[in-house]
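Peer 1: Can you keep this structure in mind? I'll have questions shortly.
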Amino acid sequence: NLFLQLQNFEKSEYYYRKGIVVDSAGSLNHSGLGILFMIMNRNQDAIFYLKNALRFDSTNLSAWGSLGNIYLSTNQFSDALPMYRSAFALDSTTRNASYSLSGMGQALIGLGNLEEAISAFERSVSIDSTNIYALAGWASALMRKNDLENAERKLNQADRLAPNQWVILYNFALLHLKKGNTDLALQSLENALKTGLRDFKTLSTDSEFAPLRALPEWKILMKKYFPDQVKD
């Protein structure tokens, strides 16, 4: 765990694997290795070890949540949802519960269940009012219902808590686009890319951003930040 925090992935993997050799049914070593592989974008390996962790201990909260995160990041929304629900069933009161609920909300947006998503985000914020992912997700769901005024309130609330976070800037880009200001939308999107947004698949497929993808400036921006994935 220490080497994982220090981002020394080679040593972290070595000690997790050594722990599994000592105790093959040790759930925490399996989930630790799974989380390590998730951070390294080795999703198939991560899923294997996270599922192993749950096989040995079905109350391993981090394994449920991490599986949800992997499925959500790969747009497997119907698979992500039960993972977050299982995590929430184990902990429905702490900050972990808030993040389980915001994960549920994002999965529900992906499945087109906007009212359920809004309900999940609202519950998430009621548990932890500083959860910017829940606030940004709530704004995203509201924008998809064309409730731009309330969406902007949620984004401003999130931005006051944690300025210049990519998840907030990404949603500001969508807000500006829906208001018809493509220049501000492109500027907010580039700021999101500068501060950590690396999800090329979502950028390429999110239907809400279709009008922006039609602009020549979009391809220039994508080529700048994803040179290996954008063809000339």
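The values are calculated or read from the model by the stated rules, or taken from the named source; none is laboratory data. Please read these numbers as outputs of a predicted model, since none were measured by experiment. Heads up, the Cβs are rebuilt from the backbone with ideal geometry, glycines too, and the neighbour counts pull from every protein chain shown. All accessible areas refer to the heavy atoms of the entire protein, side chains included, with ligands and DNA or RNA removed. Shrake-Rupley method; radii C 1.70, N 1.55, O 1.52, S 1.80 Å.
Peer 1: For the condition in a helix (DSSP H, G or I), under 21 Å from Ser73 (Cβ atoms) and without any contact (Cβ under 8 Å) to a residue 24 or more places away in the chain, what is the one hit in Ala120, Ala136?
Peer 2: Ala120
Peer 1: If we keep just the residues of the range 53-68 that are surrounded by fewer than 21 Cβ atoms within 10 Å (Cβ to Cβ) and in contact with a helix residue (DSSP H, G or I) (Cβ under 8 Å, 6 or more places away or on another chain), which is farthest from Gly137 (Cα to Cα)? Spell out how you get there, then give the answer.
Peer 2: Looking only at the range 53-68, we keep the residues that are surrounded by fewer than 21 Cβ atoms within 10 Å (Cβ to Cβ), and these are 54-59, 61-62.
Then keep just the ones that are in contact with a helix residue (DSSP H, G or I) (Cβ under 8 Å, 6 or more places away or on another chain); that gives 54, 56-57, 59, 61-62.
Working: Leu54: 28, Phe56: 33, Asp57: 31, Thr59: 27, Leu61: 22, Ser62: 21 Å.
Restricting to residues being surrounded by fewer than 21 Cβ atoms within 10 Å (Cβ to Cβ) and in contact with a helix residue (DSSP H, G or I) (Cβ under 8 Å, 6 or more places away or on another chain), the top hit is Phe56.
Peer 1: So if I check each of Asn43, Asn96, which one is open to solvent by 80 Å² or more (accessible area, probe 1.4 Å), under 30 Å from Ala141 (Cα atoms) and touching a helix residue (DSSP H, G or I) at 6+ places or on another chain (Cβ under 7 Å)? It would help to see each step written out before you state the result.
Peer 2: Details: Asn43 fails: open to solvent by 80 Å² or more (accessible area, probe 1.4 Å).
The match here is Asn96.
Peer 1: Scanning the range 74-90 for residues that are touching a helix residue (DSSP H, G or I) at 6+ places or on another chain (Cβ under 7 Å), free of Cβ contacts under 8 Å to residues at least 24 places away in the same chain and open to solvent by less than 70 Å² (accessible area, probe 1.4 Å), which turns out nearest to Thr59 (Cα to Cα)?
Peer 2: Ser86
Peer 1: For residues that are touching a residue at least 12 places away in the same chain (Cβ under 8 Å) and within 23 Å of Lys145 (Cβ to Cβ), tally how many sit in the range 207-232.
Peer 2: The qualifying residues number 4.
Peer 1: Quick one: count up the residues across the range 176-196 that are over 17 Å from Leu215 (Cα atoms) and among the hydrophobic types (A, V, I, L, M, F, W, C). Explain how you work it out, then say what you get.
Peer 2: Taking the range 176-196 first, the residues over 17 Å from Leu215 (Cα atoms) are 191-196.
Narrowing further to those that are among the hydrophobic types (A, V, I, L, M, F, W, C): 192-193.
Matching residues across the range 176-196 total 2.
Peer 1: Continuing with the same structure: If a residue has to be surrounded by fewer than 19 Cβ atoms within 10 Å (Cβ to Cβ) and closer than 16 Å to Ser119 by Cβ to count, how many in the range 136-180 make the cut?
Peer 2: Number satisfying all stated conditions: 4.
Peer 1: Take the residues of the range 163-205 that are among the small types (Gly, Ala, Ser) and out of contact with any Ser or Thr (no Cβ under 8 Å at 6 or more places or on another chain): which is farthest from Ser102 (Cα to Cα)?
Peer 2: Restricting attention to the range 163-205, the residues satisfying the condition of being among the small types (Gly, Ala, Ser) are 173, 180, 185, 188, 192, 196, 204.
Filter again for out of contact with any Ser or Thr (no Cβ under 8 Å at 6 or more places or on another chain), leaving 180, 185, 188, 192, 196, 204.
Values: Gly180: 28, Ala185: 24, Ser188: 23, Ala192: 20, Gly196: 19, Ser204: 23 Å.
Restricting to residues being among the small types (Gly, Ala, Ser) and out of contact with any Ser or Thr (no Cβ under 8 Å at 6 or more places or on another chain), the top hit is Gly180.
Peer 1: For the range 115-123, state whether one or more residues are open to solvent by less than 20 Å² (accessible area, probe 1.4 Å), of a type in the set (Phe, Trp, Tyr), closer than 27 Å to Ala87 by Cα and in contact with a Phe, Trp or Tyr (Cβ under 8 Å, 6 or more places away or on another chain).
Peer 2: yes
Peer 1: On to the next question. Just give me the residues in the range 181-202 being in a helix (DSSP H, G or I), open to solvent by 40 Å² or more (accessible area, probe 1.4 Å) and within 17 Å of Ala136 (Cα to Cα), in sequence order.
Peer 2: Asn191
Peer 1: Please go through the range 6-35 and give me each residue that is touching a Phe, Trp or Tyr at 6+ places or on another chain (Cβ under 6 Å) and open to solvent by 60 Å² or more (accessible area, probe 1.4 Å), ordered by number. Before you say what the answer is, go through the steps one by one.
Peer 2: Let us first name the residues in the range 6-35 that are touching a Phe, Trp or Tyr at 6+ places or on another chain (Cβ under 6 Å), namely 11-12, 25, 27, 29-30, 32-34.
Lys11 - this is the single residue of the range 6-35 that is touching a Phe, Trp or Tyr at 6+ places or on another chain (Cβ under 6 Å) and open to solvent by 60 Å² or more (accessible area, probe 1.4 Å).
Peer 1: Oh, and also: Is it the case that Lys223 is assigned to a helix (DSSP H, G or I), more than 18 Å from Leu169 (Cβ to Cβ), open to solvent by 70 Å² or more (accessible area, probe 1.4 Å) and among the basic types (Lys, Arg)? Please lay out each step first, then the result.
Peer 2: Values: assigned to a helix (DSSP H, G or I): yes; more than 18 Å from Leu169 (Cβ to Cβ): yes; open to solvent by 70 Å² or more (accessible area, probe 1.4 Å): yes; among the basic types (Lys, Arg): yes.
Criteria met by Lys223.
Peer 1: Go through the range 203-219 and count every residue that is exposed (fewer than 13 other Cβ atoms within 10 Å of the Cβ) and more than 23 Å from Gln165 (Cβ to Cβ). Break it down stepwise before answering.
Peer 2: Taking the range 203-219 first, the residues exposed (fewer than 13 other Cβ atoms within 10 Å of the Cβ) are 205, 207, 210, 214, 216.
With the extra rule that they be more than 23 Å from Gln165 (Cβ to Cβ), the set shrinks to 207, 210, 214, 216.
So the answer is 4.
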